[in-house]
Amino acid sequence: MTKLAPVLSAHWDEKDSFTIDAYTRNGGYKASKKALAMDPDAVIQLVKDSGLRGRGGAGFPTGMKWGFIPQGDNKDHYLVVNADESEPGTCKDMPLLLANPHVLVEGCIIACHAIRAKYAFIYIRGEVTHVVRRLNQAIEDAYKAGHLGNGIELVLHVGAGAYICGEETALLDSLEGFRGQPRLRPPFPAIAGLYARPTVVNNVESISSVPAIINNGAEWYQSMGTEKSKGTTLYSLSGHVKNPGQFEAPLGITLREILELSGGIRAGHTLKFWTPGGSSTPLFTSDHLDVPLDYEGVSAAGSMLGTKALQIFDETTCVVRAVLRWTEFYKHESCGKCTPCREGTWWLVQILRDLEAGKGTEADLAKLLDLCDNIMGRSFCALGDGATSPITSSIKYFRDEYIAHLTNGACPFDPAASTLFEGANK
Amino acid sequence: MSFSDKDLATMESIISRYPRSRSAIMPLLHYAQSLAGYVTNESIELIAKLLALETAEVTAVSTFYTQYKRKPVGEYHVGVCTNTLCAVMGGDAIFAGLKEHLGIENDGVTTDGKVSLEHIECNAACDYAPVVMANWEFYDNQTVQSAKDLVDGMRAGNPPAPTRGPNTLVTWKEASAVLAGINDGKANEGLQAGTPSLLGLKLSKEGK
C-alpha cells in the first residue's frame, strides 16, 4: 500500500511550480472562487468537518480557531500567517513557499472570507531572501490577476532574526512594530490580537492545506490520517540518514516506515536519538521507531508531534554536546521578559558547559533537573518549556553518558566522526 | 548620510502598506540597511520622524533583532549554522575553518570589507545540512573546502551562485532591499526545489 500522499507537494517537481501560470494550470484559484461563493460560516464548518489541525506545533483545530472570531462585532478582523519557521530542525514551510507560494496566497483568501477579514499578513522569517522574493512575486501576481485587492489585502511582513516571534503573541507585537515579546493570555488573539482586534494566527502549512480541502471536500481529508489526526502533512527528515528530505504522508506514519522508504540511517551506523518535532519536543530513541507520528501517538509516548521535524542522530553523536548546543540556542533566543526563562536558560548553559567538558559532578545533574522544574510551566511562554525538553529527556535516556563525561574528565566522543565529510558516509 | 527624494518616497510607500504606521518599523529598518549597509543613527532619527516616534523606540526595536546591524558588515555577510544538527554534521568545522581562513572572529569583517562572518541559528534547511547562508541566500550541503571557496570567490568578486536562489549572489545592500519588500525581479531565477525537497514526491511516484 502507498504510504506517501503528496497533496501540498504534488507539483513541486515542475520547474515553474512557483509561478501563477503553473499554479493555475494545476487547478489553482478554483478553491478560492468556490469558497467566495459560499457563506463564510459554511467555509468554517467545512474546515471544522475536515478535522484539519494546526501544523505549527500545537495541533489546535483550525476550523474551531476560525469559529472563535466574534461576528457582527463591527470591528476589523485580521488573518496573520506564521511563516517565522525557526524551530531547530523545522524545514517544511520554507521549501513549500519556495516551490508553491500561491497555495498560501489562495489559502489566505479563503480564510479571510471565512473570518470576515479584509487584511491578511504573512510574517515570514527574515533570513531567507529567495523565499521572500518568491512570495512577494506571488502576491504581486495574485493582485494583477484580481485574486487579491477586491476586498482582501495581503501584506508580506519580513522578520529580522528572532526565534521568539514564532510565538503567536510575540509575533503580533513584532508586527505592530515593537520588540517581539509574548503577551499575557487571556485575552487570546481571537478576541484581542493584532491592533487589539479579533485575529486568527495560523501556520503556513495549515492555511496552505485549506484550498485542497475546499476543492475535494471534508470527507476526502477525513479519509486520510488517524482517528483524531486527519489529513496529510509534511515530515522533514534530516541528520544522519542516507537520504534526508520532505515526505508528505497521512498523519500516523512511523519513523521506521519513513526510514524504510528513504534508505535508512547512513551506512554503517545506528540510530541513537531523534526529535519528533523540533528541539522543543522531548527526545526519542530507537525504542520509539514504531510510535505513530500523529498528535495523540507522540504525546502518549512522552513527547510532542510539534513541527514533525525528524532530526536523526547516530551513535557517533554526543548527546551532551547536542543538548548543550540547543540550550545555548534557547538562552540566546530568550526574549528577557520573564525571569525563569531569562535567568534559567543562562544557568542551564553554565552547568551544561561544565558537564560537557567533564568538569562537573553528579550533583549537577540533579541541579539541572531542579532548574528545569523551575522553568517548565513557570515561564511566560512556551520557549522556556521548550528549553527544558532536550535536557530532561536526555537525562532520562542517557544518564550514563553524562556520567561518562565526568568519569572520563572530558567528552568521550570524536566530533569529526559525526560530520558528513569526515564520517563513514563521505 | 542624507536621504534622496526617491529614498523618502520609497519609505512612504512602505508605510502605506500598513493600517497603522508603526508596523512599518521593521521593513523601514531593512530598507535603511539597504542604503547604508547597517542601521545608522541618521536612519533611526528619520524613521522616528516619519512614524512620529521617539528615537529610543526605534532603537529599542533595532537592537532586539539580530539581523539589524549597528555597525558595517561585509559586502557579503556569511552565516554558518551552528545549531545542533548542522553543527554536528559539519557546521562547527566549517565555522572554525572560515574563522582561520579569513583571520576574523564571530561578527568580524575582513579588512577589505568584502566578507563578514557570523554563526547563526537554525535556518530551516536542515535536510540540506550543513548549511551556510550568504546575504541570507541558501548554500546547501557545505564542506569546509566549499565554504572557503565561497568566501574566496566573494573576495575575488565572483562568488558562486546560491544553491537555491538567484543566478548570481546579490550584495548585502541589495538583499536588504528585498527584505524591505522591494521586488528585484529575480523571483523566477533558480531552482523551484532541491533534490531533498522532492524526495517524498519522487518515491510516491514510484509507488511508495
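Values quoted throughout were computed directly from the atomic coordinates according to the rules given, and no laboratory measurement underlies them. Predicted, not measured: the structure shown is a model, and the values here were computed from it. With ideal geometry, Cβ positions are generated from the backbone for all residues, glycine too; neighbour counts draw on all protein chains shown.
Within region B:16-32, whose backbone N sits under 19 Å from a point 7 Å along Cα→Cβ of A:K144?
Correct set: none at all.
In region B:1-90, what chymotrypsin sites (Phe, Trp or Tyr not before Pro) fall in a loop by DSSP, with at most 16 other Cβ atoms inside 10 Å? Walk me through the numbers before you get to the answer.
Numbers: sites: B:F3, B:Y31, B:Y38, B:F64, B:Y65, B:Y68, B:Y76; in loops: B:F3, B:Y38, B:F64, B:Y65, B:Y68.
Sites meeting the loop and neighbour criteria: B:F3.
Averaged over its residues, how many other protein chain Cβ atoms are within 10 Å of peptide A:121-128's Cβ atoms?
6
Taking each residue in A:198-207, count the Cβ atoms of any other chain within 10 Å of its Cβ, then average. What number comes out?
Shielding by partners across A:198-207 averages 0.
Add +1 for every Lys or Arg and -1 for every Asp or Glu among the other residues with Cβ under 12 Å from the Cβ of A:A117, and state the total.
Working: positive: A:K75, A:R116, A:K118, A:R197; negative: A:D76, A:E153.
Summing Lys/Arg as +1 and Asp/Glu as -1 gives +2.
Net charge around A:M64, counting only other residues with Cβ within less than 14 Å of its Cβ (Lys, Arg = +1; Asp, Glu = -1)?
Numbers: positive: A:K48, A:R53, A:K65, A:K228, A:K230; negative: A:D41, A:D49.
So the surrounding residues net to +3.
Over region A:214-322, how many pairs of lysines fall under 20 Å by alpha carbon, counting only those 8 or more apart in sequence or from different chains?
For region A:214-322, qualifying lysine pairs total 5.
With charges only on Cβ, +1 for K and R and -1 for D and E, what is the dipole size of region A:232-314 about its Cα centre, in debye, rounded to 20? Please report the intermediate quantities before stating the final value.
On the way: 5 positive and 8 negative charges, 60 e Å.
Approximately 300 debye in magnitude.
Run lengths n ≥ 4 of DSSP H only: what is the helix-derived mean residue ellipticity at 222 nm for chain B, with -39500 (n - 2.57) per run over all residues, to the nearest 500?
-12000 deg cm²/dmol
Magnitude of the Cβ-charge dipole of the protein assembly as shown, K/R +1 and D/E -1, about the Cα centre, nearest 20 debye?
Details: 59 positive and 72 negative charges, 188 e Å.
The dipole magnitude comes to about 900 debye.
Per DSSP H run of at least 4 residues, take -39500 (n - 2.57); add these up for chain A, divide by its residues and hand me the 222 nm value, nearest 500 deg cm²/dmol.
-13000 deg cm²/dmol
Under 1.5 on a/c is rounded, so check that first for region A:20-222, then, if it is not, pick prolate when a/b is larger than b/c and oblate when it is not; a ≥ b ≥ c are the square roots of the alpha carbon gyration tensor eigenvalues. Before the final figure, lay out the partial values.
Numbers: a/c = 1.42, a/b = 1.11, b/c = 1.28.
Judged from the Cα gyration tensor, region A:20-222 comes out rounded (a/c under 1.5).
Take peptides A:67-74, A:4-11 and line them up by average Cβ neighbours within 10 Å, highest first, as a rough protection proxy. Kindly include the intermediate steps, with their values, before the conclusion.
Working: A:67-74: 12.9, A:4-11: 22.4.
Result, highest mean Cβ count within 10 Å first: A:4-11, A:67-74.
Using only atoms on other chains, find how many Cβ atoms lie within 10 Å of each Cβ of peptide A:83-96 and report the average.
Across the residues of A:83-96, the mean count of other-chain Cβ atoms within 10 Å is 5.
So what's the net charge close to B:I44: Lys and Arg +1, Asp and Glu -1, counting the other residues with Cβ under 11 Å from its Cβ? Before the final figure, lay out the partial values.
On the way: positive: B:K49, B:R70; negative: B:E42, B:E45, B:E54, B:E57.
Around B:I44, the charge tally is -2.
Over the Cα atoms of region A:319-416, each weighted equally, I'd like the Debye log10 I(q)/I(0) at q = 0.15, 0.24 Å⁻¹, rounded to two decimals.
Values, matching the q order: -0.53, -1.21.
Of the peptides B:39-51, B:137-149, how do they stack up when ordered by the mean number of other Cβ atoms within 10 Å, highest first? Could you put the intermediate results ahead of the total?
Working: B:39-51: 18.0, B:137-149: 20.4.
Final packing ranking: B:137-149, B:39-51.
Does chain A classify as rounded, prolate or oblate by the C-alpha gyration tensor (a ≥ b ≥ c root eigenvalues; a/c under 1.5 gives rounded; else a/b over b/c gives prolate, otherwise oblate)? The partial results should precede the final answer.
Details: a/c = 2.06, a/b = 1.52, b/c = 1.35.
Because a/c hits 1.5 or more and a/b exceeds b/c, chain A counts as prolate.
Taking the Cα centre as origin and putting +1 on Lys and Arg beta-carbons and -1 on Asp and Glu beta-carbons, what dipole magnitude results for region A:319-416, to the nearest 20 debye?
Values: 11 positive and 13 negative charges, 50 e Å.
Roughly 240 debye, rounded to the nearest 20.
Considering the dipole of the protein assembly as shown built from charges on the beta carbon (Lys and Arg +1, Asp and Glu -1) around the Cα centre, which of A:F421, A:C112, A:G56 is farthest to its positive end?
Result: A:C112, furthest along the dipole toward the positive end.
Between A:L194, A:Y123, A:A160, whose Cα lies farthest towards the positive end of the dipole of chain A when Lys and Arg beta carbons carry +1 and Asp and Glu beta carbons carry -1, centred on the Cα centre?
Projecting each Cα onto the dipole axis, the largest value belongs to A:L194.
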